[in-house]
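A.B. asks: Shown below is the structure under consideration.
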Amino acid sequence: MRIVSLELDNFRRFRRPLRLDGFEPGLNVVVEPNETGKSTLLEALRAALFIRHSARTELTRSYCPIGDDVAPRVAVDFEVAGERWQVEKQFLRSQKVQLTGPHGRFESDAAEDQLQALLGFERGNNRGTDPDTRGALGLLWVEQASALRVDAPNRLVRDNVRTALESEVGAITGGRRFEVVRARVEEAYAELRTGSRGRSTGRLAAAETRLTTAREHRASVEALAQAHETTLTELEDARAARRRIERELGDEEQVALRDRLAADLKLAESSAERLVTAQARYDTANGTVERLTEKIAAIDAAQSAVEKAEAANTAANAAVEQHGDERDEAIRSEEDARTALSRAREARNTAEAALRTARATVARRERSEALARARERLTSLDALEAELARQQRVADQVIASEQLEELAKLDKTVVEARAIVSAGAVRVEVTSLDGTPVTMDGEPMSDAAREVTAATMIEVGRHATIRVLPPGTGSAAAEMKAAEGALASAEARLGVASYADAVARANDARSAGEAVKGLKRQVDNLCVADPTIGLAAGGAALRALLAKEADETAEEDTPVDVPGLEAAQILRSEEERSALGRHNVAVEQLRTAEETSRRLGLEAAGAARDLANARTQLAALTGARSRADLEANLVAAEAEVAERLRDRVAAEQAVGAFDLDRLRLRLANIDKAAAGAGDRRLALIEKIAGLEATIASEGAKGLAGQVDAAREEEVAAEQAVVRLTAEADALALLRTTLNEAQEAVARTFLGPVTKRTVQYVRRVLPDCDVTFSEELGLTSIARSGVSEGCGDLSRGTQEQLAVLTRLAFADLLLEKGEPVSLILDDPLVYSDDARLEVMTDILTRAAERMQVILLTCRERAFRHMGGHRITIG
């Protein structure tokens with residue numbers, strides 16, 4: 001299979017129409033930076049061939065550019081088995097598909113079906129994520145990062161590979177005929193059980209459901225019969241329980257007991273009220289005693305606080321006077337240090353000014369030298385750009401390979417037509433015996449003999465007229481003239497005199513194109529950035545800078561001792577830092593002295609404040625009454641507390657004669673029992689009525705006959721389940737046998753697949769053997785007798801093995817005549833230089849057998865590869 005061209009519009013990032021032509025049958029390389037849409041091209045190809053135009057899924061909605069509400073469109077020209085086809089699809093809005101080829105034009109579902117037949121894939125789930133339905137192209141068109149996985153081929157590829165190898169391995173069990181047999185067995189089995197877990201379904205599930213229903217019906221009928229007997233027993237029990245409850249409700253002793261307990265409860269509640277009153281009076285008297293005691297203690301504490309505050313105030317005033325001399329000395333030290341720091345700063349500023357002047361002089365000299373170099377580069381740039389423009393004009397005269405091929409075909413057609421006309425020419429010899437003039441087509445005949453290739457009229461004076469008609473003159477001459485006209489038209493369109501002139505012009509344009517690339521590299525190398533003069537890279541930046549920079553007069557080359565000035569500046573800076581350190585110490589000492597003075601002042605003020613507060617609090621506590629008056633009131637309050645205590649003890653003794661909570665509990669239990677008995681009596685009355693109605697209803701249903709009929713239905717259902725289970729078991733055994741046979745035959749295909757794959761793998765991994773699973777998936781490799789699973793290999797090795805196994809399967813499918821092409825998006829990203837060279841050589845050789853398209857952003861990595869370069873314009 002060969003992709004010829006791709007056209008897309010309103011497809012993801014491509015909002016405007018884009019058409020890519022010129023895909024060659026061999027190697028094609030698309031080298032573009034990231035985010036230019038290389039992966040979108042592969043997605044567009046898949047959409048055109050595999051996704052149905054009528055699909056409205058998350059995948060097809062993703063084709064629409066972000067924020068737009070348009071109809072994505074894709075068109076692809078491709079060749080299959082030497083036949084040229086064109087497919088065009090439009091998604092989401094005004095959905096359509098059209099497939100045109102040598103067998104006519106197809107639309108709608110007919111076009112989709114024809115595509116499946118051409119490319120050997122099946123209708124998938126429209127999500128684009130069903131690899132088992134995409135056939136060979138689903139395996140060989142590898143999207144970004146998918147080549148990092150060493151996956152097994154999809155089901156269609158496995159079937160095609162097995163069919164291709166049937167003659168080689170001598171087995172057909174794994175082919176399409178086996179699949180037909182197995183499909184019929186699966187259909188029969190699916191009517192009875194599911195294939196994955198063996199659960200019953202279809203007829204077997206219906207039979208089991210019938211059996212379950214029959215058993216449930218038999219059990220329910222038997223339960224009804226049993227319940228009828230139970231209902232009779234329950235009715236007698238309910239009647240006896242009602243008689244017992246009615247006797248309990250009429251018991252006279254229980255009524256007398258309740259009246260006695262109610263009287264005792266009333267007397268106990270009166271005693272409890274008296275106890276509460278005595279307790280409240282006792283608490284009031286006791287509170288008075290506590291308040292008087294606390295007030296006397298507070299007066300004693302206030303007197304002690306006044307004495308302590310007077311002592312603290314005297315000590316704080318003495319400390320303030322003593323610290324005054326230390327603070328004055330700290331002020332003098334800070335002033336001296338500040339003066340020294342000021343002198344050091346002036347010296348450092350002088351040194352820095354001298355250093356800046358020297359550095360500015362050096363910078364001006366360096367800038368002048370850089371500008372001089374830039375002017376020299378501008379002169380060289382003008383010469384290079386003049387040559388570049390001359391070569392570009394030649395390169396612009398390039399003739400496309402397709403146009404050159406067309407011109408060659410036309411030239412060949414003219415030559416062949418002329419040869420055909422020449423082959424049918426007639427030699428005419430005319431000799432005038434009496435000197436009569438002879439003319440040919442009205443012109444004097446200068447030669448006695450001439451080759452005639454077209455209808456010609458010969459006149460011999462007025463004696464005779466001869467018409468010469470060479471064989472085949474009409475059609476051959478017409479074809480020659482048509483070919484010459486087509487050739488002349490093509491030469492005029494291209495502006496060349498002949499095919500040889502066109503070839504020479506194409507060669508000159510190709511050489512000029514290479515020269516243009518070399519000159520552009522020289523320009524890039526010449527127009528580098530120079531931060532010294534603020535010059536950016538590029539010729540435009542160079543010209544812009546020099547256009548606004550006038551020629552400068554060179555400064556006098558007076559020696560400037562920058563290192564000496566830097567050393568002097570460093571010395572002055574060190575002296576300034578030393579003076580700053582001494583000043584900082586003096587400031588810190590002054591700050592400490594001031595902080596101490598402030599602290600001592602605050603302490604003195606606080607001591608005076610505490611003394612005033614203590615005296616105020618003492619005066620407030622004493623008030624109008626003296627301490628002696630308070631003590632006399634305390635004695636009287638303590639006597640009242642003793643009297644209230646005696647009253648409370650007497651009330652507690654009265655309450656202790658009764659258990660109030662027990663009396664209340666006994667009365668509540670008696671009332672609750674009576675209420676429960678009444679409710680129970682009413683419930684029994686209701687139950688008796690219901691049981692009597694149930695017995696009357698069930699007695700007329702004929703429960704014995706229903707039990708017999710239910711048991712007969714259950715036996716019939718059991719026999720049907722046994723028969724269908726035996727049939728399902730036989731089909732399950734047949735499925736297992738077929739699967740085992742298929743697995744055994746699948747292993748016979750591994751030899752040829754392994755043989756073809758190892759030829760590729762050993763070019764990258766010498767002396768390496770490979771192992772495939774029964775599903776033809778690469779599982780491990782062996783080197784020096786050590787086996788390694790594919791998942792344990794490096795990312796680079798996994799990627800290389802994934803590409804090589806796909807090439808091996810592609811070769812097998814080519815042998816069978818399947819449509820095959822290889823598309824790799826961003827391949828070999830983890831390959832080192834040595835393996836990259838080997839892998840690209842393998843891909844180049846593969847391109848001799850099939851079309852290979854590489855989509856990559858790494859121009860340097862694939863620069864050495866040949867092939868046709870395609871640009872996303």
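The values are calculated or read from the model by the stated rules, or taken from the named source; none is laboratory data. Nothing here was measured: the structure is a model prediction, and the numbers come from that model. Methodologically, a virtual Cβ is constructed for each residue, glycine included, from the backbone with ideal geometry; neighbour enumeration extends over all protein chains shown.
A.B. asks: Have a look at Ala147, Ala136, Ala164 and point out the one that is at pLDDT below 65, outside any loop (DSSP other than H, G, I, E, B) and under 28 Å from Gly791 (Cβ atoms). Write out each step before concluding.
C.D. replies: Details: Ala136 fails: at pLDDT below 65; Ala164 fails: under 28 Å from Gly791 (Cβ atoms).
Unique residue meeting the criteria: Ala147.
A.B. asks: Within the stretch 474-493, restricting attention to residues that are farther than 23 Å from Leu404 by Cβ and of a type in the set (A, V, I, L, M), which residue is surrounded by the most Cβ atoms within 10 Å (Cβ to Cβ)?
C.D. replies: Ala476
A.B. asks: I'd like to check something: does the stretch 831-839 contain any residue that is at pLDDT 85 or above, in contact with a Ser or Thr (Cβ under 9 Å, 6 or more places away or on another chain) and at positive phi?
C.D. replies: Looking for residues that are at pLDDT 85 or above, in contact with a Ser or Thr (Cβ under 9 Å, 6 or more places away or on another chain) and at positive phi, one finds none in the stretch 831-839, hence no.
A.B. asks: Exactly one condition in (1) polar (S, T, N, Q); (2) within 30 Å of Val430 (Cα to Cα); (3) at pLDDT 80 or above; (4) assigned to a helix (DSSP H, G or I) is false for Ser475; which is it?
C.D. replies: Every listed condition holds for Ser475 apart from (3).
A.B. asks: Just wondering, is there one or more residues in the stretch 380-390 that are closer than 30 Å to Asn525 by Cα, of a type in the set (Ser, Thr, Tyr) and surrounded by 13 or more Cβ atoms within 10 Å (Cβ to Cβ)? Reasoning before the result, please.
C.D. replies: Our first condition is that a residue be closer than 30 Å to Asn525 by Cα; within the stretch 380-390, this holds for 380-390.
Going one step further and asking which of them are of a type in the set (Ser, Thr, Tyr), we end up with 380.
With the extra rule that they be surrounded by 13 or more Cβ atoms within 10 Å (Cβ to Cβ), the set shrinks to 380.
There is at least one residue in the stretch 380-390 that is closer than 30 Å to Asn525 by Cα, of a type in the set (Ser, Thr, Tyr) and surrounded by 13 or more Cβ atoms within 10 Å (Cβ to Cβ).
A.B. asks: Determine the pairs where a residue that is over 30 Å from Ala372 (Cβ atoms), located within the stretch 555-584, has a partner that is among the basic types (Lys, Arg) with Cβ atoms under 7 Å apart, the partner being 6 or more residues away or on another chain.
C.D. replies: Arg572/Arg348; Ser573/Arg348; Glu576/Arg345; Glu576/Arg348; His583/Arg338
A.B. asks: Counting only residues that are in contact with a strand residue (DSSP E or B) (Cβ under 8 Å, 6 or more places away or on another chain) and not in a strand (DSSP E or B), which one in the stretch 70-94 is nearest to Val4 (Cα to Cα)?
C.D. replies: Among those residues, the one meeting the criterion is Pro72.
A.B. asks: Looking only at residues that are surrounded by fewer than 16 Cβ atoms within 10 Å (Cβ to Cβ) and within 60 Å of the chain's Cα centre (by Cα) in the stretch 216-230, which one is farthest from Glu714 (Cα to Cα)?
C.D. replies: Restricting to residues being surrounded by fewer than 16 Cβ atoms within 10 Å (Cβ to Cβ) and within 60 Å of the chain's Cα centre (by Cα), the top hit is Ser220.
A.B. asks: Let me ask you something else. List every residue pair whose Cβ atoms lie under 7 Å apart, where the two residues are 6 or more positions apart in sequence or sit on different chains, the first residue falls within the stretch 18-30 and is of a type in the set (Gly, Ala, Ser), and the second residue, located anywhere, is surrounded by fewer than 19 Cβ atoms within 10 Å (Cβ to Cβ).
C.D. replies: Gly22/His868; Gly26/Glu848; Gly26/Gly867
The rows are residues; the columns are (1) modelled with pLDDT of 75 or more; (2) among the charged types (D, E, K, R); (3) more than 20 Å from Ala612 (Cα to Cα).
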{"site": "Val289", "(1), (2), (3)": "yes, no, yes"}
{"site": "Thr293", "(1), (2), (3)": "yes, no, yes"}
{"site": "Val306", "(1), (2), (3)": "yes, no, no"}
{"site": "Asp328", "(1), (2), (3)": "yes, yes, yes"}
{"site": "Arg348", "(1), (2), (3)": "yes, yes, yes"}
{"site": "Arg359", "(1), (2), (3)": "yes, yes, yes"}
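A.B. asks: Quick test for you: out of Val516, Val496, pick the one residue that is touching a helix residue (DSSP H, G or I) at 6+ places or on another chain (Cβ under 8 Å), surrounded by 14 or more Cβ atoms within 10 Å (Cβ to Cβ), assigned to a helix (DSSP H, G or I) and at pLDDT 80 or above. Give the derivation first.
C.D. replies: Working: Val496 fails: assigned to a helix (DSSP H, G or I).
The unique qualifying residue is Val516.
A.B. asks: Let me ask you something else. Scanning the stretch 569-594 for residues that are under 12 Å from Ala330 (Cα atoms) and among the charged types (D, E, K, R), which turns out farthest from the chain's Cα centre (by Cα)?
C.D. replies: Once the filter is applied, the top-ranked residue is Glu594.
A.B. asks: Among the residues of the stretch 60-83, how many are modelled with pLDDT of 90 or more and over 24 Å from the mean Cα position of the chain (by Cα)?
C.D. replies: 11
A.B. asks: Kindly indicate which of Glu326, Glu352, Glu369, Glu346 is touching a residue at least 60 places away in the same chain (Cβ under 8 Å), more than 30 Å from Leu600 (Cα to Cα), of a type outside the set (S, T, N, Q) and in a helix (DSSP H, G or I). Reasoning before the result, please.
C.D. replies: Working: Glu326 fails: more than 30 Å from Leu600 (Cα to Cα); Glu369 fails: touching a residue at least 60 places away in the same chain (Cβ under 8 Å); Glu346 fails: touching a residue at least 60 places away in the same chain (Cβ under 8 Å).
Exactly one residue qualifies, and that residue is Glu352.
A.B. asks: Failed condition for Thr357, given (1) among the β-branched types (Val, Ile, Thr); (2) surrounded by 15 or more Cβ atoms within 10 Å (Cβ to Cβ); (3) assigned to a helix (DSSP H, G or I), with all others met?
C.D. replies: Unmet for Thr357, out of (1) among the β-branched types (Val, Ile, Thr); (2) surrounded by 15 or more Cβ atoms within 10 Å (Cβ to Cβ); (3) assigned to a helix (DSSP H, G or I): (2).
A.B. asks: While we're here: Just give me the residues in the stretch 182-197 being in a loop (DSSP other than H, G, I, E, B), at pLDDT 75 or above and surrounded by fewer than 15 Cβ atoms within 10 Å (Cβ to Cβ), in sequence order.
C.D. replies: Hit for the stretch 182-197 is Thr194, nothing else.
A.B. asks: Looking at the stretch 530-582 only, could you name the residues that are part of a loop (DSSP other than H, G, I, E, B), modelled with pLDDT of 80 or more and either touching a Leu at 6+ places or on another chain (Cβ under 7 Å) or crowded, with 17+ Cβ neighbours inside 10 Å (or both)?
C.D. replies: If the condition is that a residue be part of a loop (DSSP other than H, G, I, E, B), modelled with pLDDT of 80 or more and either touching a Leu at 6+ places or on another chain (Cβ under 7 Å) or crowded, with 17+ Cβ neighbours inside 10 Å (or both), then no residue fits.
A.B. asks: Can you say whether Leu778 is in contact with a Cys (Cβ under 7 Å, 6 or more places away or on another chain), among the aliphatic types (A, V, I, L, M) and touching a residue at least 12 places away in the same chain (Cβ under 8 Å), as far as the supplied structure shows? Explain how you work it out, then say what you get.
C.D. replies: Numbers: in contact with a Cys (Cβ under 7 Å, 6 or more places away or on another chain): yes; among the aliphatic types (A, V, I, L, M): yes; touching a residue at least 12 places away in the same chain (Cβ under 8 Å): yes.
For Leu778, the condition - in contact with a Cys (Cβ under 7 Å, 6 or more places away or on another chain), among the aliphatic types (A, V, I, L, M) and touching a residue at least 12 places away in the same chain (Cβ under 8 Å) - is met.
A.B. asks: Being among the hydroxyl-bearing types (Ser, Thr, Tyr), free of Cβ contacts under 8 Å to residues at least 40 places away in the same chain and not in a loop (DSSP other than H, G, I, E, B) is the filter here; which residues of the stretch 820-873 pass it?
C.D. replies: Correct list: Thr840 only.
A.B. asks: Out of the residues in the stretch 695-742 that are not aliphatic (A, V, I, L, M) and not in a helix (DSSP H, G or I), state the one that is modelled with the lowest pLDDT.
C.D. replies: Initially, the stretch 695-742 is screened for residues not aliphatic (A, V, I, L, M), giving 697-699, 701-702, 705-706, 708, 711-714, 718-719, 723, 725, 727, 729, 735-737, 739-740, 742.
Next, from what is left, pick out any that are not in a helix (DSSP H, G or I): 699, 701-702.
Working: Gly699: 57, Lys701: 54, Gly702: 59.
Applying the filter and picking the extreme gives Lys701.
A.B. asks: For Asp382, are the conditions met, namely being in contact (Cβ under 8 Å) with a residue 60 or more places away in the chain and either more than 30 Å from Ala529 (Cβ to Cβ) or in a helix (DSSP H, G or I) (or both)? Steps first, please.
C.D. replies: On the way: in contact (Cβ under 8 Å) with a residue 60 or more places away in the chain: no; either more than 30 Å from Ala529 (Cβ to Cβ) or in a helix (DSSP H, G or I) (or both): yes.
For Asp382, the condition - in contact (Cβ under 8 Å) with a residue 60 or more places away in the chain and either more than 30 Å from Ala529 (Cβ to Cβ) or in a helix (DSSP H, G or I) (or both) - is not met.
A.B. asks: Something else about it: Of the residues Ala312, Ala319, which is more than 30 Å from Ala620 (Cα to Cα), surrounded by 12 or more Cβ atoms within 10 Å (Cβ to Cβ) and of a type in the set (Gly, Ala, Ser)?
C.D. replies: On the way: Ala312 fails: more than 30 Å from Ala620 (Cα to Cα).
Checking each option against the conditions leaves just Ala319.
A.B. asks: Could you list all residues from the stretch 520-529 that are among the hydrophobic types (A, V, I, L, M, F, W, C) and either free of Cβ contacts under 8 Å to residues at least 24 places away in the same chain or not in a helix (DSSP H, G or I) (or both)? Outline the logic, then answer.
C.D. replies: As a first pass, look at the stretch 520-529 and keep what is among the hydrophobic types (A, V, I, L, M, F, W, C): 523, 526-529.
Correct list: Cys527, Val528, Ala529.
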